[in-house]
Amino acid sequence: MKPKRLSIHLTLVITCIFLLACPDDDPERVPVDADEVPDQLDQNLQRHHDAILSSSGWIEDTRIWQETGLPLGIDATEETEQRLDSMRTFLREYVFVDPHLEEETPLSVTYLLDGERVCEGIDEELDGDDFLLFGIGLLDRPADDPLLDPGDIPPPATPQDPEEGPEVDDFVDPGDIGDVGDPNEIADMDAIGQIANLIEIDEIGIKTNDGFEDFDEVGQIDGIEPIARVVNNDDEVAEDDVAAFDRTACAETIDASELRLQVISEATDQLTIDLLVGDLQHNPVEFSIDRDSSTTQLDLHELDNALGVIREHRDDDNDLATENDVWSGTLLWSFDIERDARIRRQLGVEGPIRIETAGLVLDVETTDTVFDRWIDGNTGEMETTVDWNRIELAFDLNDDAMEADLADQFDPVDDEQYDEDQPIDEAELRQARLVLDGFTFQSRLTLEQDDELAISELSIDEPLTLFFDDEPQFTLDWGTVDGEPLDLILRAGEERTELEFASPSELIVDFQFDERTDPFGMPAWMSDDTWTLRLDEADTPTLALHALPIIEVVDGRFTVESTRVQNSVEAQPRDCLDADSGDFNAFNDPGFVQTMLNIHPLQLFAVDDC
């Protein structure tokens with residue numbers, strides 16, 4: 001089996017070895033002994049490991065995490081502990097070992113990695129198949145679903161057809177997985193989504209007495225129900241289509257790339273490790289660790305050079321980086337043990353980041369600290385600060401691949417227009433840019449008030465904006481009604497999550513998509529509409545989120561207004577806003593897709609007593 005995107009060369013070592021940093025430009029070195037490197041590194045990693053467990057273990061017991069499952073960055077879990085143990089074993093037994101020792105001087109030790117040994121460690125200790133999920137691209141996957149292993153697909157439910165009997169085996173009724181509600185009301189797409197997470201979707205449509213029909217071909221039908229048609233699990237899957245870790249390909253890539261680790265020491269119990277790639281010894285990663293801290297510096301320009309070395313030894317067309325890519329800028333991670341059971345993590349952007357690859361351009365402005373979090377296990381407290389400067393993502397809207405993909409998804413015009421072999425008229429090319437300028441917030445979690453996550457100073461300097469050819473198409477802004485940053489509390493309740501705002505607040509969304517975006521399936525109302533979602537008439541207006549899409553007003557007034565339609569939505573305390581109880585009946589309307597593209601969303605909502 002020939003791997004398509006085998007980037008084990010560099011990204012694997014970065015992921016497995018370099019958790020966090022960077023040495024001084026001109027360090028004062030002390031002697032380093034190759035016999036002591038593995039134990040010294042292992043001892044420091046063990047101390048960091050213990051600090052993480054002692055500082056963060058309480059977070060898993062908080063009600064806010066247990067009830068909401070919010071990504072709070074919990075490290076002190078059994079799974080994390082197992083992974084850290086496996087990584088330490090991998091480094092000690094498969095990386096920093098005598099057979100890899102290439103050169104030893106009084107002030108440095110250099111290891112030349114042997115691909116066979118390293119890849120054996122990946123497979124045995126780190127479970128090589130898992131690396132695909134980290135986006136490293138070690139393995140082959142079926143082209144239609146790169147994350148789906150056919151062996152993981154459960155047998156589909158077999159609904160009983162009253163006329164055909166049990167022979168009907170290619171439909172799964174969402175009712176067998178989730179509650180889809182009354183089939184004469186709006187379809188519960190979440191139920192269909194649950195199926196999509198379990199099985200390979202062939203197409204989505206309507207099951208009728210006559211068989212399977214697409215949404216946009218369905219007319220007035222009584223008693224229809226939403227279904228998902230799936231690939232028959234009895235179909236044989238070719239062995240070459242199933243992913244498996246390829247030790248041989250992994251080893252060949254590492255050996256051809258000449259991966260080295262050079263170790264120096266700047267103080268007792270401290271190690272600085274440089275990753276060197278190729279004959280020119282490109283140095284994309286510099287890592288430093290001692291008993292109480294570690295730092296990792298990732299140089300994107302050097303990473304691009306290192307990937308170029310890998311590219312020279314590859315014979316496939318799906319490299320992580322191509323010859324014309326541009327990567328520049330530096331990321332800096334740091335980890336500190338400030339005292340027993342108290343840790344701190346930080347991430348910074350040193351020098352503006354620019355990445356040009358695969359038709360995308362990402363620009364990130366320099367920010368000394370974009371992420372700063374400390375966790376104290378002694379007091380049961382965690383505080384996080386996020387502070388990004390300008391981030392901009394640009395991409396072409398209609399390159400060949402995107403046009404073909406659009407044809408498959410929306411079929412807006414004759415497919416011939418999307419022939420991937422047909423050159424695109426340069427005059428028709430459009431560029432999209434998504435710009436986020438100055439995104440900031442702080443959050444605080446305590447064990448004493450374990451059902452609440454307090455968020456403060458949530459703001460952006462300028463509205464989040466999507467441009468097409470420098471013309472704004474979509475903007476999103478938020479703040480208090482007085483234009484100040486938002487302060488709110490996220491609170492876990494009984495079968496609901498509350499959002500309590502510190503003062504009257506609003507969210508403003510503006511749609512200005514022009515007629516040229518029609519091939520993207522944009523609804524007509526998106527050509528000119530502004531929504532205002534406002535919470536007021538209370539000192540601390542509060543909403544409660546039940547099973548979506550039900551929203552309850554706990555305190556204050558919640559209104560949703562649109563400049564496109566006259567009717568607004570208004571809800572008072574103990575009112576619930578429910579999309580499923582709207583007046584529009586999608587499944588009894590001819591031409592489902594076309595209708596959904598033209599109806600305004602506010603027509604799908606109604607206010608009822610909770």
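The values are calculated or read from the model by the stated rules, or taken from the named source; none is laboratory data. Values in this document were obtained by computation on a predicted structure and should not be read as measured data. So basically every Cβ, Gly included, is an ideal-geometry build from the backbone, and we count neighbours across all protein chains shown. Protein only, heavy atoms only, side chains kept; ligands, DNA and RNA dropped before computing areas. Shrake-Rupley method; radii C 1.70, N 1.55, O 1.52, S 1.80 Å.
Phi angles of the range 100-112 translate, via the Karplus equation with coefficients 6.51, -1.76, 1.60 and θ = phi - 60°, into HN-Hα couplings of 8, 5, 9, 8, 9, 10, x, 10, 7, 10, 10, 10, 9 Hz per residue; Gly and Pro are given as x. Taken one residue at a time, the phi angles of the range 568-576 give Karplus couplings (6.51, -1.76, 1.60, θ = phi - 60°) of 9, 9, 9, 10, 10, x, 6, 8, 10 Hz. Gly and Pro are set to x.
Annotation: amide H of residue 30 within the under-5 Å range of 265, 266, 267, sequence separation 5 or more or interchain, hydrogens built in the peptide plane.
Our coupling estimate for the range 471-486, obtained by passing each phi through the Karplus curve with A = 6.51, B = -1.76, C = 1.60 and θ = phi - 60°, is 9, x, 10, 8, 9, 9, 9, 8, x, 6, 5, 8, x, 9, x, 7 Hz, Gly and Pro reported as x. Between residue 530 and residue 78, what's the calculated FRET efficiency when r is the beta-carbon distance and R0 is 41 Å? Round to 0.05. My answer for the efficiency is 0.25. Here the simple spin-label model places points 7 Å from the Cα toward Cβ, and for residue 43 and residue 539 these points are separated by 5.8 nm. Its Cα gyration tensor gives the range 247-302 an equivalent ellipsoid, and the semi-axes of that ellipsoid, as √(5λ) in whole Å with the largest first, are 25, 13, 10.
Between residue 557 and 536, 537, 538, the built amide H atoms are under 5 Å apart, and every one of these is 5 or more places off in sequence or on another chain. Counting only heavy atoms of the protein chains and using a 1.4 Å probe, residue 282 has close to 30 Å² of accessible surface.
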